[in-house]
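Read through the structure below, which is laid out as C-alpha cells, and then see the notes.
Each reported figure results from applying straightforward, stated rules to the coordinates on display, with no laboratory input. Model, not experiment: these values are computed from the prediction. Every residue, glycine among them, receives a Cβ derived from its backbone with ideal geometry; neighbour counts consider all protein chains shown.
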Amino acid sequence: MKSNLSIRKSWLLAISAVVFITSCSDETTVFENPEDNLINETDQSKLLNSVSFDEAGVLDIYEDPSASAKRYNTTGKVEPAGDYPLTLVAQIDPPTFTNGENLAATHVALDGDYGYVSYNTVGQDYVGAIDVVNISDPNNPRVTSRVYYTNADLNSIAYDNGYIYVAGGVDSEQSVTATANSLVAKIAVSGGRINTSNISYGFQEGFNATDVRIVNNDVVVTSGQDGFVVVYDKNDLSVKNEAAFSDLRSVAYNGNELAVLDAAEGVSFLDTNLNTVRSIGIQSDFGIDAKRTLDFLGNNIIVSEGTKGAGVYNSASRSFVEYLPILTNPDNAEPGEIVTNGVAVNDDVLLMANGAGGLSLSETKADNTVGVGVIELTGSINYVASKDDYIFAASGKSGFQIIKLNRPSESLEERCSELSNYSGSANLNVNSGEELAYSGSKRFNNVNVNGSLLLCGSWTVKEGVVINANGLFEMNGTLVVGRNNRQRNITINSGATLIVEGDLVIYGNLVLNDGASIAFLGNDSVIAVTGEVIKNGDVTVTGNFNDYYNKF
C-alpha cells in the first residue's frame with residue numbers, strides 16, 4: 001500500500017538561464033535506458049483522432065462575472081465591441097490506455113514547431129504520459145508521438161536542444177530502478193518523435209518532484225514535502241548542488257536569481273549557491289498535494305494562492321502589491337474547486353487558471369493590473385501557459401485547449417498607422433453611403449455592411465457577416481467568423497465585394513449570391529471555410545490564395 005502522496009495540480013513557471021558553480025555529494029542515482037514501465041503509442045489513428053475541432057472558432061469573454069454564460073447587455077445600452085478577439089484552434093483529448101483512463105495535462109513546454117505536454121493521474125495511482133504536438137500549422141495541430149508511463153506521474157516538462165526533461169513521482173516500491181519517489185528524466189526527441197531507447201533517470205528525496213527547469217547547462221528540479229531543490233548537470237544528470245525545503249511547489253527565474261515557492265513558508269529567493277538571500281512570508285493555504293505556480297513580471301513576482309486568487313509582491317522590497325481576485329464564481333461549483341492553480345504572463349496579458357472558476361484574462365499596466373474577463377472555455381482550468389500568439393490551457397476532461405490571441409502583426413500596425421482604432425458597438429453596421437476604416441483588434445457580435453468598410457488588424461465575429469447589395473468590405477490582417485459548434489456565415493449579396501489580404505477563417509459557409517465578388521490581394525492570403533462555398537448564380541473570384549480546405 002502506498003504511503004507517499006502525489007502532486008495532482010498543474011502549473012506554469014518561467015524558463016530562463018543561470019550558472020551554478022557549487023557542487024555537493026552525489027546522492028542521486030542515474031540509470032541509463034531503462035524501458036520498463038514505458039509504452040509507446042503506435043496506433044497513428046489514435047494520435048490523429050486525439051485532436052478535436054468540434055468547438056473551434058470565435059471565443060467570447062465574459063466581462064461581467066455575474067453574467068455567467070452570457071455577455072449580452074440586457075439594459076438596453078449599446079454593447080461595445082470587446083478587446084482580445086480570441087479563437088479556439090483545437091482541443092486535444094487526454095491520453096487513455098489500459099489502467100490509464102484518468103489522465104490530466106499538467107504542463108507544456110514550447111519550442112519552435114512543437115509543444116511537449118506532460119500528464120499525471122488524479123488519485124493515488126502513479127500513471128503518466130507525454131505528448132508531442134506539432135503546432136507548425138496553427139489551424140491543424142497534430143499529435144506526432146505519445147509515451148505512457150505505467151508507474152510514474154509526470155508533473156512538469158521542459159525542452160532543450162533535442163531533449164525533453166520531465167519531473168514527477170514514481171512508486172519506488174514497485175520500481176526496480178527508483179531509489180526515491182521523486183524522479184527526473186532526460187528523453188531524446190527529434191522531428192516530433194520520442195526516442196525511448198535514449199533515456200537517463202535521476203531520483204531525489206521528497207514525496208514527488210514538482211517542477212523542472214533548464215538553466216544554461218543545468219537542470220533545476222524541486223520536490224515537495226521533505227524534499228529539495230536540486231541542481232543537476234544537464235549532460236549526465238549528476239548532482240551539482242542541493243538545498244532542503246519543507247514543501248516546494250515550483251521555481252522561477254528572472255535572469256538574476258531563482259525563486260522557489262515553499263507551501264510551508266512562502267517565496268524564497270536563492271543565489272547561485274542555493275542560499276536564501278531574502279524571503280516573502282505568505283500565510284495562504286496552498287493545499288495538500290495542490291500544485292501552485294509563481295512567475296516573475298518585471299519587478300514583481302506573482303504567486304498562485306488558491307482561493308485568494310493570485311498575490312503580487314515586489315520581488316526586491318518583498319512588499320505586498322495587490323491581490324488579483326478570481327473573476328467568477330459559478331453556482332454549480334464547490335468552493336474548494338474555485339482556486340487559482342497557475343498563472344502565465346505574455347507581454348501585457350496575465351492569465352489565471354482558476355479551476356472551476358475558468359481561465360481569466362487581465363491586462364498588466366504600468367501601475368496596476370485590470371481584469372478583462374473570463375474566457376469562454378469548457379471544463380475546469382487547472383493549468384495555463386502562453387507564448388507568442390498562443391495560449392495553452394489544461395481543462396480537465398475537456399482536454400488540452402489551444403487558443404490564438406490574434407494579435408495584429410507589427411507590419412499591419414505600420415501599414416494601417418493612419419487609421420484610428422475602432423471603439424464602438426459590438427454590432428458594427430455600415431450604412432449606405434458611409435465609408436468607415438479602422439485598425440486594431442476587437443470582438444464583434446455582427447458585422448453588416450451596406451456602404452464601405454476597411455478593417456486592418458485582427459477581428460472576430462461571433463454571429464456572422466453580411467455584405468449587402470453594392471457594399472464593399474476590405475480586410476487586411478485576420479478575420480475569424482463563427483465556431484464549429486455554432487457555425488455562422490459570411491454572405492456576399494448581389495453587386496457586393498469582399499477583398500481579402502491576409503487570413504480569413506469561416507466556421508460555417510461562404511455564401512456568394514448572384515453578382516457577388518471576392519478578391520484576394522498579394523500571394524499569401526489564406527481562406528479556410530469549414531462549411532461550404534455556396535455560389536448562387538454568376539459570381540466572381542479573383543486573385544491568388546491558399547484555399548485551406550479546398551472548398552472553391
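Some points to look at:
- Put in line by how crowded their Cβ is, counting other Cβ atoms within 10 Å and starting with the fewest, VAL170, VAL461 read VAL461, VAL170.
- Value at 222 nm in deg cm²/dmol, rounded to 500, when DSSP H runs of n ≥ 4 in the chain each add -39,500 (n - 2.57): -500 deg cm²/dmol
- Global geometry of the stretch 477-546, whether rounded, prolate or oblate, following the gyration tensor of its Cα atoms and the 1.5 cut on a/c: oblate
- Out-of-range pairs (alpha-carbon distance over 30 Å; input LYS387/LYS551; LYS234/LYS387; LYS291/LYS442; LYS46/LYS387): LYS387/LYS551; LYS291/LYS442
- Put simply, when 516-523, 161-168 are sorted by average Cβ atoms within 10 angstrom per residue, most first, you get 161-168, 516-523.
- Once the chain from SER246 to ALA264 is taken as fully extended at 0.36 nm per residue, the excess over their C-alpha distance is 5.9 nm.
- Placing a label point 7 Å from the Cα of ASP367 along the Cα-to-Cβ direction, the residues of the stretch 290-322 with a backbone N closer than 16 Å are 321-322.
- Gain in span if fully extended, ASN299 to ASN40, counting 0.36 nm per residue against the direct Cα distance: 88.9 nm
- R0 of 45 Å, Cβ-Cβ distance LYS387-GLN174: FRET efficiency to nearest 0.05: 0.80
- Inter-label distance, nm, simple model (7 Å from Cα along the C-beta direction), VAL122/VAL277: 4.1
- With both labels modelled 7 Å from their Cα along Cα-to-Cβ, the ARG486 to ASP83 distance reads 2.2 nm.
- Taking only the Cα atoms of the chain, the radius of gyration and Dmax are 24.9, 80 Å.
- Using the Cβ-Cβ distance between TYR323 and GLU257 with R0 set to 22 Å, the FRET efficiency works out to roughly 0.35.
- Spin-label pair SER420/GLU463, simplified geometry with 7 Å Cα→Cβ offset, distance in nm: 2.5
- At R0 = 35 Å, FRET efficiency that the Cβ-Cβ distance of ASN134 and THR540 yields, to 0.05: 0.40
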